[in-house]
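What follows is a single structure, written as structure tokens, with notes after it.
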Amino acid sequence: MKPFHYFRADATGDATQAAQAGAAFIAGGTNLIDLMKLEVLTPDRLVDISRLDLAGIEATAAGGLRIGALVTNADLAADARVRRGYPVLARALLAGASAQLRNKATTGGNLLQRTRCYYFYDTSQPCNKRDPGSGCAAIGGFNRNHAILGASAHCIATHPSDMAVALRALDAEVETEAADGARRRFPLAGLHRLPGDTPERETDLAEGELVTAVILPPAKAGCQRYRKVRDRASYAFALVSLASVITLDEDRRIAHAALAFGGLAHKPWRDPGAEKVLAGEVPSDALFDHAADTLLRDAKGWGSNDFKIPLARRVLKAALHEATGTEMPA
Ligand code: SF4
């Protein structure tokens, strides 16, 4: 690991100004420290934000929750209001990492964690995300955990977070503070970027802008589920995951379907077209196939990850059958 300067911030303004001047934020450090040990990232300065007053979960005036960016994944999953009103979030959190990591990892850090593309972590390999313009070793390489939607010829990495997928299904918003003290609040959908020709830019945050909280809207009625398919039963990233919030009306038609996928793209993936196919309809296997066709219309495999296309269809259909109480054909 390369030497670096360390500074602990006592106020958000100190932290954002240090970051604008080139320091990297560190809170739980569960991803950053690994990256520094491997010299994938070599920041000269770290600004420790772990003592800032951002570790609370409060009810909002609108009836939702405001989750401070330093709330740990373990505390968030255990919060009674989250378990009761947003079980898909609690389940996604508990499906991620290990108990030890969840005790340290924070809400803000979880959102901003880096891809687990093998080549990103191997500094002997070309990687446009780590070293812009060097190429992408995953294209033509081993790409089992890579994207099938929204990828580009420059990067096919996926976003690894389970928590972010659930937050996307719940229509969460993100609150930030910039180095000049300006605060903004925007949908989580606007935080992460697709790779395009600048995969090194993963979010639309400005230099020094700090995620301070995540806002949940009031809890919705309906069936909330988190399904995660992975190579082993724990401590593994999703090959395909799905956070679903599905509501039926009194005629048992689908009134509302929010479907957010992990493991498929560079960001939590939600397709309004696929959700629209389901809205107002009587549940059926044919309808669910139509939704899957819509979701996967532009899907592209890269060799080792071709299996994700049929797998995503099966995950979606299984979730829809479970939520609507219909039989999945054998
Ligand atoms: Fe790098 Fe993205 Fe290619 Fe992985 S997929 S090697 S992160 S450019």
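Indicate the gyration tensor shape class of region 163-239 (rounded, prolate or oblate), computed on the Cα atoms with a ≥ b ≥ c the square roots of the eigenvalues: a/c under 1.5 is rounded; otherwise a/b larger than b/c is prolate and the rest oblate. Oblate, since a/c reaches 1.5 and b/c is not below a/b. Annotation for Tyr235 and Arg314: the two label points, set 7 Å from Cα along the Cα-Cβ direction, are 2.6 nm apart. Helix-only estimate, please: 222 nm mean residue ellipticity of the chain, summing -39500 (n - 2.57) across DSSP H runs of length 4 or more and dividing by its residues, to the nearest 500. Helix-only estimate at 222 nm: -7500 deg cm²/dmol.
Please get the size of the charge dipole for the chain, origin at its Cα centre, with Cβ charges of +1 on Lys and Arg and -1 on Asp and Glu, quoted in debye to the nearest 20.
Numbers: 40 positive and 38 negative charges, 150 e Å.
Rounded to the nearest 20 debye, it is 720 debye.
Surface listing: Thr30, Thr294 arranged by accessible area from highest to lowest gives Thr30, Thr294, probe 1.4 Å. Of Ile246, Ile57, Ile139, the residue with the largest accessible area leads and the full order is Ile139, Ile57, Ile246 (1.4 Å probe).
State the three equivalent ellipsoid semi-axes of region 223-323, derived from the C-alpha gyration tensor as the square roots of 5 times its eigenvalues, in descending order and whole Å.
On the way: eigenvalues 112, 45, 24 Å².
Gyration-tensor ellipsoid for region 223-323: 24, 15, 11 Å.
Checking the Cα-Cα distances for Lys104/Lys129; Lys104/Lys308; Lys104/Lys317; Lys104/Lys300; Lys220/Lys276 against a 28 Å cut-off, the pairs over it are Lys104/Lys308; Lys104/Lys317; Lys104/Lys300. Per-residue packing, averaged as other Cβ atoms within 10 Å, sorts the ranges 3-9, 166-172, 89-95, 275-281 into the order 166-172, 89-95, 275-281, 3-9, beginning with the highest.
Rounded to whole Å, give me the distance from the Cα center of region 124-154 to that of region 228-303. Computed from Cα coordinates, the inter-centre distance equals 25 Å. For the pair Asp298 and Glu322, a Förster radius of 22 Å applied to the C-beta separation gives a FRET efficiency near 0.25, rounded to the nearest 0.05. Measuring with a 1.4 angstrom probe and ignoring ligands and nucleic acids, Val211 comes out at about 10 Å² accessible.
Within the shell defined by Cβ-Cβ distances under 12 Å, the residues around Asp180 carry a net charge of -1, with Lys and Arg each +1 and Asp and Glu each -1.
Expressed as cubic angstrom per residue, what is the convex hull volume of the alpha carbon set of region 5-50? List each step's numbers first, then the result.
Numbers: hull volume 2.7 nm³, N = 46.
Looking at region 5-50, the number lands at 60 Å³ per residue.
Approximating the spin labels as points 7 Å out from Cα along Cα→Cβ, the His256-to-Glu58 distance works out to 2.5 nm. Gyration tensor analysis over the Cα atoms of the chain returns equivalent ellipsoid semi-axes of 33, 25, 16 Å (largest first, whole Å).
The values are calculated or read from the model by the stated rules, or taken from the named source; none is laboratory data. Since the model is a prediction, treat every value here as computed from it, not as a measurement. Positions of Cβ are generated from backbone atoms using ideal geometry, with glycine treated the same way; all protein chains shown enter the neighbour counts. Note: areas computed on protein heavy atoms with side chains; ligands, DNA, RNA excluded. Shrake-Rupley method; radii C 1.70, N 1.55, O 1.52, S 1.80 Å.
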